[in-house]
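Trainee: Structure in structure tokens, see below.
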Amino acid sequence: MDSTIPGKASVRALRCLGGIALVVASALARAQDAEPDHIRGDIAKVEASSILVKTRGGKTVRLGLSNELTVIKLTWGSFTDVDFGTYVGSVAVRLDEYSPIVRDSLSWLHRGFELRIVDEQLRGIALGHKSWDLPPDSIIAHGWVDDMEIRVLSIKYGPTEQEETDVDVPRDVPILKMSLGDRSLLKPGAHVCAGAQKGAGGQDVAVFLFVGEDGIVPRL
């Protein structure tokens with residue numbers, strides 16, 4: 001057993017990473033509890049404490065920016081970055097066929113619409129499997145890669161075989177990297193997907209914002 005004791009700098013770094021993960025997890029947990037509205041579009045204007053978003057439906061929505069806002073950056077990734085244990089997320093829809101991954105019980109196969117490779121700093125966010133609103137009848141799953149069969153991934157989020165979702169990742173879907181961002185990404189023209197809740201005064205307030213870089217339009 002290695003008995004090396006990390007130095008003060010290492011301990012501070014670990015505490016910092018732990019604090020960041022806790023803040024992000026808390027923000028997303030609040031969003032999940034209240035099932036926020038998902039607002040997708042482009043930033044039209046940035047103000048001191050709010051942004052105007054022109055939605056894909058042509059409406060303009062004002063979103064307040066709270067002190068607890070979490071900004072998440074999306075950049076291009078590659079399927080070759082995926083390995084056993086990698087933390088990932090995917091929006092997918094269930095197919096009427098079973099997964100090719102062999103286990104004691106049969107599992108339904110899902111077709112992924114995108115795959116997000118989550119930075120280690122954010123490991124653990126949104127852990128699990130739940131219904132999603134786009135496209136219809138879709139789900140979203142986050143967890144670690146427990147098994148792989150060519151481009152079918154077993155996304156695992158618990159100790160039992162029932163706590164995993166098998167997702168086929170077609171070659172033509174976006175592979176993205178997901179990492180912690182900041183408010184400097186909030187600029188006119190930026191493509192965003194926001195999770196918004198009603199604030200005390202009835203205004204829509206962003207709990208989290210996914211911001212696409214390099215032309216990426218969040219498909220979440």
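Trainee: Would you please name the residue that is farthest from residue 183 (Cα to Cα), looking only at residues in the range 66-123 that are β-branched (Val, Ile, Thr) and more than 17 Å from the chain's Cα centre (by Cα)?
Mentor: Among residues in the range 66-123 that are β-branched (Val, Ile, Thr) and more than 17 Å from the chain's Cα centre (by Cα), the one farthest from residue 183 (Cα to Cα) is 102.
Trainee: Would you confirm whether any residue within the range 123-144 is over 17 Å from residue 208 (Cα atoms) and touching a Gly at 6+ places or on another chain (Cβ under 6 Å)?
Mentor: Yes; the residues of the range 123-144 include at least one that is over 17 Å from residue 208 (Cα atoms) and touching a Gly at 6+ places or on another chain (Cβ under 6 Å).
Trainee: Continuing with this model, one more query. Give the residue that is surrounded by the fewest Cβ atoms within 10 Å (Cβ to Cβ), with candidates limited to residues of the range 117-160 that are part of a loop (DSSP other than H, G, I, E, B) and touching an Asp or Glu at 6+ places or on another chain (Cβ under 8 Å).
Mentor: By that ranking, first place goes to 158.
Trainee: Taking the condition loosely packed, with under 15 Cβ neighbours inside 10 Å, among the polar types (S, T, N, Q) and touching a residue at least 60 places away in the same chain (Cβ under 8 Å), does residue 78 pass?
Mentor: Against the criterion (loosely packed, with under 15 Cβ neighbours inside 10 Å, among the polar types (S, T, N, Q) and touching a residue at least 60 places away in the same chain (Cβ under 8 Å)), residue 78 qualifies.
Trainee: Next question, about the same structure. Cβ-Cβ distance below 6 Å, separation of 6 or more or different chains: which pairs start in the range 157-180 with a residue that is more than 23 Å from residue 121 (Cα to Cα) and of a type in the set (D, E, K, R) and end on one that is modelled with pLDDT under 95 and surrounded by fewer than 19 Cβ atoms within 10 Å (Cβ to Cβ)?
Mentor: Listed pairs, sorted by first residue: 161/103; 161/105; 166/107.
Trainee: Can I ask one more? Checking the structure you have, find out if any residue of the range 175-183 is assigned to a loop (DSSP other than H, G, I, E, B), closer than 14 Å to residue 71 by Cα and within 15 Å of the chain's Cα centre (by Cα).
Mentor: Looking through the range 175-183, at least one residue is assigned to a loop (DSSP other than H, G, I, E, B), closer than 14 Å to residue 71 by Cα and within 15 Å of the chain's Cα centre (by Cα).
Trainee: Is there a residue in the range 129-136 that is among the aromatic types (Phe, Trp, Tyr) and modelled with pLDDT of 95 or more?
Mentor: no
Trainee: Would you check which residues across the range 161-187 are loosely packed, with under 13 Cβ neighbours inside 10 Å and either charged (D, E, K, R) or modelled with pLDDT under 95 (or both) and list them?
Mentor: 162, 171, 172, 182, 187, listed by residue number.
The values are calculated or read from the model by the stated rules, or taken from the named source; none is laboratory data. Fair warning: this is a prediction, and the values are worked out from it, not measured in the lab. With ideal geometry, Cβ positions are generated from the backbone for all residues, glycine too; neighbour counts draw on all protein chains shown.
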